[in-house]
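Undergrad: Below is the structure I would like to discuss, written out as structure tokens.
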Amino acid sequence: MLLISLGIFFPSESRCQLPPSSFKGEVIDTIIVSGNDRTKRRAIIREMASKRGEKLDPDLIERDSSYLKGLGFFSSVDISVQNLSEERCGIIVRVSERPNLFMKYPYPIIDYDFTKGIRYGIRWKIKNFRGLGEKFSVDFKKRRDREHSGGASWYVPWVYGKRMRLSWDFFNYRRLDDPESADYIKEQDGIRVSFGLPLSKDLVHQIWMTPLFSMEARRSRLSIPGNSDYPAGIYFRQNLLTLGLTLTFDSRNTWVVPTKGIYARVNLKHVFSIRGLEQEYSFCSFYGSRYTTFSNLGTLILAVSADNYGGSLPWFYEMGLGGESDLRGYRSDSRGTSKILGTAQWRKLVYGPEVFDIPHVGKCDLRINIVAFVDTGALADSFEYFSRSSFYSTIGGGIEILSPVKDIIKLEVATDRHGYNEFYLTSGTKF
């Protein structure tokens, strides 16, 4: 019986394969996964919105294909549907895993900042730890004669097979030089733990509540009221506790380069000292983005964020305006505790996705997008001080390279109203 079933699911190449829409409304009898040599089957099945025993929805099949590819473990994902009997069908998920070379081996780090210089180090990151979609990493970074940092982190998307998220990380930082002015962190050691709880059963429209707990030992230079003898600040040792809560809504069809859906996040954190100089301050932020695809023309991304910090906030936690993930193309030394940002970005696929079978390495995928964007933002000491004249706007564009090396690498250039250009080489998935 098993052989007969496998024969139905894996027909010869000459047999015509019907699109998923042909099986709309049929009951999903079986889901078969192939090509997953290192990834456990349950780690794939649990992320799919299409479930055994439910009626097939072609839109969910499309979503599952994009979502699984966006996990970052596979060079390609192909989902097809086969008829089993009247009103019953089976789903076939064929994956090609990315090479081990990019998934679990240590590699050097070289970052460049136009103002701070070169930072180098090493990172060991396992993107699919234990074959369960977990992420484990250890890294060390150094900027010559200025600073060095290190840490370890572990992210578990499903805890003991339950739909809960657990994340912890250790962090360490040392400042090597001593600036003549401004407050800064000299030493920092700590641990951070968060636990995600789902507030919805729907995998397409996910709602999460994530409490956060963090403890750290910090040595920093602080300028405090009444410190007239040391106008540049003196060093204080503190032990600090952070309690936080994040509420998230996510309907994106994938994580890395979404083409559909909404992502919204509200984040609240409160920090207070439990030893040393008494301090208490808070961080409140909101971020929201919407992704809309217009056929082959590309994807329009509209995003907005608002941040407000309060309390006896140290100077080094005050916000600036401008940078690689902020108001791109704008440069300013001003600082503030309230900030508003908005972005309109257009993304267009120009190459791929293509999969190359490299000898002794494996199947590697490559995709290239071009982007164009308009950013606008304002910074102040309070939301009540924002005015129309406080807002600055920039325009720019660039390319995005998606590959196993770093998931996504961005090369962007942006300019402000005075024609001043800024170049950025970054990695990350903010948009």
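Any read-out appearing in this document is the output of simple, stated calculations on the displayed coordinates, not a laboratory observation. Just so it is clear, the structure is predicted and the values come from calculations on it, not from any experiment. Note that we place each Cβ from the backbone using ideal geometry, even for glycine, and neighbour counts take in every protein chain shown.
Undergrad: Divide by every residue of the chain the summed helix terms, -39500 (n - 2.57) for each DSSP H run of at least 4, and state the resulting mean residue ellipticity at 222 nm, rounded to the nearest 500 deg cm²/dmol.
TA: Rounded to the nearest 500, the figure is -2000 deg cm²/dmol.
Undergrad: Place a point 7 Å from Cα of MET215 in the direction of its Cβ. Which residues in region 184-198 have their backbone N less than 18 Å from it?
TA: The answer is 188-195.
Undergrad: Here's something else I'd like to know. Which aspartates and glutamates have a Cα less than 15 Å from the Cα of LYS40, not counting those fewer than 8 places away in the same chain?
TA: Leaving aside aspartates and glutamates fewer than 8 places away in the same chain, those within reach of LYS40 are GLU97, GLU134.
Undergrad: So for CYS364, CYS284, fewest C-beta neighbours within 10 Å to most, what's the order?
TA: With the sparsest Cβ surroundings first, the list reads CYS284, CYS364.
Undergrad: Take every Cα pair under 8 Å in the chain that's 6+ residues apart, average their separations, divide by the length, and report that relative contact order as a whole percent.
TA: Reported relative contact order: 9 percent.
Undergrad: Then there is this: Would you mind checking the radius of gyration and Dmax of the chain based on alpha-carbon positions, in Å?
TA: 24.5, 87
Undergrad: Please order PHE283, PHE129 by the number of other Cβ within 10 Å, starting at the fewest.
TA: Arranged by neighbour count, lowest to highest, PHE283, PHE129 become PHE129, PHE283.
Undergrad: Report, in degrees rounded to the nearest 10, the 0 to 90 angle that the Cα long axis of helix 58-70 makes with the longest principal axis of the chain.
TA: The answer is roughly 50 degrees.
Undergrad: If you don't mind, there's one more thing I want to ask. Counting only DSSP beta bridges with both residues in the chain, tell me the antiparallel percent, nearest 5.
TA: For the chain, the DSSP antiparallel bridge percentage is about 95.
Undergrad: Another question, then. Between SER312, SER153, SER75, where does the largest GNM mean-square fluctuation fall for the chain, given springs only between Cα atoms within less than 10 Å?
TA: In the Gaussian network model the winner is SER312.
Undergrad: Now, a different point. In the structure shown, do any of LYS24/LYS260; LYS104/LYS162; LYS116/LYS339; LYS125/LYS339 have a Cα-Cα gap over 28 Å, and if so which?
TA: Violating the 28 Å Cα-Cα cut-off are LYS125/LYS339.
Undergrad: Further, regarding this structure: Taking DSSP loops as anything outside H, G, I, E and B, show the longest stretch in the chain free of GluC sites (Glu not before Pro) there with at most 11 other beta carbons within 10 Å.
TA: Value returned for the longest uninterrupted segment is 279-431.
Undergrad: Right, another one. Any aspartates and glutamates with Cα under 12 Å of the LYS135 Cα? List them, leaving off those in the same chain fewer than 8 positions away.
TA: List returned: ASP169.
Undergrad: Using a simple charge model, +1 on the beta-carbon of Lys and Arg, -1 on the beta-carbon of Asp and Glu, nothing else, what dipole does region 329-390 show about its Cα centre, in debye to the nearest 20?
TA: Dipole size: approximately 120 debye.
Undergrad: Which whole-percent values make up P(r) of region 318-431 when all C-alpha to C-alpha distances are grouped in 10 Å steps starting at zero?
TA: 13, 37, 27, 14, 7, 2, 0
Undergrad: Ok, one more. Only counting other Cβ atoms within 10 Å, I'd like ARG192, ARG417 sorted with the fewest neighbours first.
TA: ARG417, ARG192
Undergrad: Working out 0.36 nm times the residue gap between CYS284 and LEU176, then minus their Cα-Cα distance, what length gain in nm do you get to one decimal?
TA: The CYS284-LEU176 span can extend by a further 35.8 nm.
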